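The values are calculated or read from the model by the stated rules, or taken from the named source; none is laboratory data. Owing to the predicted nature of the structure, the values given are computational and were not obtained by experimental measurement. Reconstructed Cβ throughout: ideal geometry from the backbone, glycine too, with neighbour counts over all protein chains shown.
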Amino acid sequence: MFQTIIIAGNLGRDPEMRYTPSGQAVTSFNVATNRNYTDSNGQQVKETTWFRVSVWGKQAESTHNYLKKGSKVIVEGRLVSDPATGGPRIFKRSDGSSGASFEISATNVRFLSSRTEGGEPAIGGEDIETGATSAEDDLPF
């Protein structure tokens, strides 16, 4: 069996890097994805879904060095479920409302922001999994 998820969005804060006891780098960051639509009453609805992303190894170091809050990215990886529930992690916010956290273990992160949008590589920039560059025509959309 195989599972993969691909999201495109913006970082909600600067990435945070740490090292495991064995010395492997891991970087964590949040990505917001947006969906705009018109509901059955004709009202415009803006829906934002947040994902927590973990990147490992050399990718973690590149992600930490080149991305910052607001950077546009495409993340490919696998969805990580809560071991207790088998679904997203459920939590209570400080105001008492419930929330869900979707987590992704990334296998590939592509930087989409231009250098003028915070110093990241331009569209079609470095693929940090392979270190290769891609043309804008290679984007799947």
- Message: Condition check: surrounded by 18 or more Cβ atoms within 10 Å (Cβ to Cβ) and either in a strand (DSSP E or B) or in contact with a Leu (Cβ under 6 Å, 6 or more places away or on another chain) (or both). Does V109 satisfy that?
- Response: yes
- Query: Among the residues of the stretch 51-70, is any surrounded by fewer than 14 Cβ atoms within 10 Å (Cβ to Cβ), under 18 Å from E103 (Cα atoms) and hydroxyl-bearing (S, T, Y)?
  - Reply: no
- Quick one: which of R93, R78 is modelled with pLDDT of 85 or more and surrounded by fewer than 16 Cβ atoms within 10 Å (Cβ to Cβ)? R78
- Qualifying positions in the stretch 58-87 - touching a Gly at 6+ places or on another chain (Cβ under 9 Å) and either over 24 Å from Q3 (Cα atoms) or free of Cβ contacts under 8 Å to residues at least 24 places away in the same chain (or both): S62, Y66, L67, K68, K69, G70, S71, S81
- Query: In the stretch 78-98, which residues are assigned to a strand (DSSP E or B) and over 18 Å from the mean Cα position of the chain (by Cα)?
  - Reply: I90, F91, K92, S98
- Query: Which condition number does N30 fail, the rest of (1) touching a residue at least 24 places away in the same chain (Cβ under 8 Å); (2) touching a Lys or Arg at 6+ places or on another chain (Cβ under 8 Å); (3) within 18 Å of S113 (Cα to Cα); (4) polar (S, T, N, Q) being met?
  - Reply: (1)
